[in-house]
Amino acid sequence: MEFTDKDIVQLENFWKGNISEADRLALENRFETDLEFRKKAGELKLFTEGLKVLKEREMRKHIKDINTKLPPFDPPSSTNWLKIGIVALAIALAAFAVWFFTIREEVQPLSPMVAAYFEPFEPLGFKMGEDSNQRLKEALSMYAEKKYDKAIPLLQNSFIETKDSMPLFYKAVSLLAVGKSSEGQSVFEQMQYSSSYPIFRDASQWYLALTYVDTQQNEKAANILRGITKGGYKSKADDLLKKL
Amino acid sequence: MTLTAFLEQLESNGSKVLETVCAESRNPCIGWLLNRNKTYGVETAEDIFTDAVLILWQNAQQGRIKPSDTQVQTYLMTTCRYIQNNQIRKTPMEADFDKLLTELADQNQDERLDKEVYLNRLEWALEQLKGNCSIIIKGFYLEEKSLEDIAKMCGLTYESAKSLRFRCFNTLKNLFFGKK
């Protein structure tokens, strides 16, 4: 038996589900009763489905060809970790270079003349016992141990917390001790007039002079030193003045 | 690329858009698959990705994908996950065809036909068709184009294309079954 064109259209519509209810029932009934028709219909379906599989395979091959033309997938491997390591090392070296040539410049050792005269101010606050708060105690403890890098941020925080000029003064001395004369200078410039503690006002003048010497502003230093006419710093001031 | 853009470009330049999709999504999808299943090799992951792109293409052709702002890459990763979770190693048409071969063998109490032999013969028969016959059969059955579109492509009237479709289909069947 051969299918007519009408049979083919009807079967194709049946498989697509694009058929009226009456036609569907009629076809299903024919499948039940006409085994030859059912077998031929099965063969026709296999044939048309086979064509679709061929298309699918062709398309799959096409997609595979597209992927083949792309650069091969590079899975993370030891080679990649090596690359990452080299990049990390390069970044670390670059950061070190930046620090060495820029930031580090600000942390030069004190000039020999200043170093000869510089002595850290006695940590009075450290002896204040219960009168000082815990943060200030810890900060002055660091200062007393000459751990200035650790003391500086603690003193800064203590100043923010208490608004007291004492931690600010010790911070400025610490800055001078680690060679950050310019930073210390601006603090001493304020404190020589405004500190609520006279002892810090006098000391601020002395340390301010040292920062001027360290930053090669000898004229400014000399003016300050001439103003120290009494107190514990007078003899040192006179001595330094002679050397400028 | 969003699904909306994909569907628009598929309409105008199907092959090019598939190249773009593969270039954008291949490495992220393969990396994701390898990360998800440590037993996979790159080749297996590439196969799954290829199947996912094929399913994307088929679903788009059959109107099963709606335009949306969803990224094609997300769609592909979801499909990859589906393939991976269900251990599917056959594409939809192949799976249907396998099922049909088994059903027919059971129904007719025959030996199951060899799939590859069947498909190789069908491919050979298809290659024997020339001219409009080849365009009509491939256009109608493989590319699922409408007869109206095929008629325009061949410069035929709709009725001529319809008549030719049946004639060419019978030619193909006769070639396949070895009838003159």
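The values are calculated or read from the model by the stated rules, or taken from the named source; none is laboratory data. If you're wondering where the values come from, they're calculated on a predicted model, not measured in any experiment. So basically every Cβ, Gly included, is an ideal-geometry build from the backbone, and we count neighbours across all protein chains shown.
Just checking, how many residues over the range A:68-111 are assigned to a helix (DSSP H, G or I), closer than 30 Å to B:S25 by Cβ and modelled with pLDDT under 65?
To start, the set of residues in the range A:68-111 that are assigned to a helix (DSSP H, G or I) comprises A:68-69, A:78-101, A:103-107.
Filter again for closer than 30 Å to B:S25 by Cβ, leaving A:68-69, A:78-88.
From what's left, modelled with pLDDT under 65: A:78-81.
Matching residues across the range A:68-111 total 4.
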> Are any residues in the range B:91-109 surrounded by 13 or more Cβ atoms within 10 Å (Cβ to Cβ) and among the charged types (D, E, K, R), and if so, which ones?
Replying inline: B:E94, B:D96, B:D98, B:E103
>> Where the second residue is assigned to a helix (DSSP H, G or I) and not aliphatic (A, V, I, L, M) and the first is closer than 13 Å to A:K146 by Cβ and lies in the range A:175-192, which pairs have Cβ atoms under 7 Å and are six or more apart or on separate chains?
In response: A:L176/A:G184; A:L176/A:Y207; A:L176/A:T211; A:A177/A:Y148; A:V178/A:Y148; A:V178/A:D149
>> Residues that are within 13 Å of A:N67 (Cα to Cα) and of a type in the set (S, T, Y): does the range B:36-49 have at least one?
In response: no
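Could you say which residue among A:L168, A:L210, A:L154 is at pLDDT 85 or above and within 20 Å of A:P109 (Cα to Cα)?
Values: A:L168 fails: within 20 Å of A:P109 (Cα to Cα); A:L154 fails: within 20 Å of A:P109 (Cα to Cα).
Step by step, each of A:L168, A:L210, A:L154 is checked, and only A:L210 is at pLDDT 85 or above and within 20 Å of A:P109 (Cα to Cα).
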>> Can you say whether A:L27 is crowded, with 17+ Cβ neighbours inside 10 Å, in a helix (DSSP H, G or I), in contact with a Leu (Cβ under 7 Å, 6 or more places away or on another chain) and hydrophobic (A, V, I, L, M, F, W, C), as far as the supplied structure shows?
In response: no
>> Looking at the range A:194-238 only, could you name the residues that are of a type in the set (D, E, K, R) and free of Cβ contacts under 8 Å to residues at least 60 places away in the same chain?
In response: A:R201, A:D202, A:E219, A:K220, A:R226, A:K230, A:K234, A:D238
> Out of the residues in the range B:9-46 that are among the charged types (D, E, K, R) and touching a residue at least 40 places away in the same chain (Cβ under 8 Å), which is nearest to B:Y75 (Cα to Cα)?
Replying inline: B:E24
> In the range A:50-66, which residue that is crowded, with 20+ Cβ neighbours inside 10 Å and of a type outside the set (A, V, I, L, M, F, W, C) is modelled with the lowest pLDDT?
Replying inline: A:E56
> Looking at the range B:116-136, which of its residues are hydrophobic (A, V, I, L, M, F, W, C) and more than 8 Å from chain A (Cβ to nearest Cβ)?
Replying inline: B:V117, B:W124, B:A125, B:L129, B:C133, B:I135, B:I136
>> Being under 20 Å from A:S181 (Cα atoms) and either surrounded by fewer than 20 Cβ atoms within 10 Å (Cβ to Cβ) or free of Cβ contacts under 8 Å to residues at least 12 places away in the same chain (or both) is the filter here; which residues of the range A:134-144 pass it?
In response: A:A144
>> Being acidic (D, E), within 28 Å of B:G139 (Cα to Cα) and modelled with pLDDT under 85 is true for just one of B:E11, B:E19. Which residue is that?
In response: B:E11
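Rundown of residues vs (1) farther than 30 Å from A:G42 by Cα; (2) surrounded by fewer than 19 Cβ atoms within 10 Å (Cβ to Cβ); (3) at the interface with chain A (Cβ under 9 Å from one of its Cβ atoms); (4) basic (K, R), yes/no style:
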{"site": "B:V42", "(1), (2), (3), (4)": "yes, yes, yes, no"}
{"site": "B:P67", "(1), (2), (3), (4)": "yes, yes, no, no"}
{"site": "B:C80", "(1), (2), (3), (4)": "yes, no, no, no"}
{"site": "B:N86", "(1), (2), (3), (4)": "no, yes, no, no"}
{"site": "B:E111", "(1), (2), (3), (4)": "no, yes, no, no"}
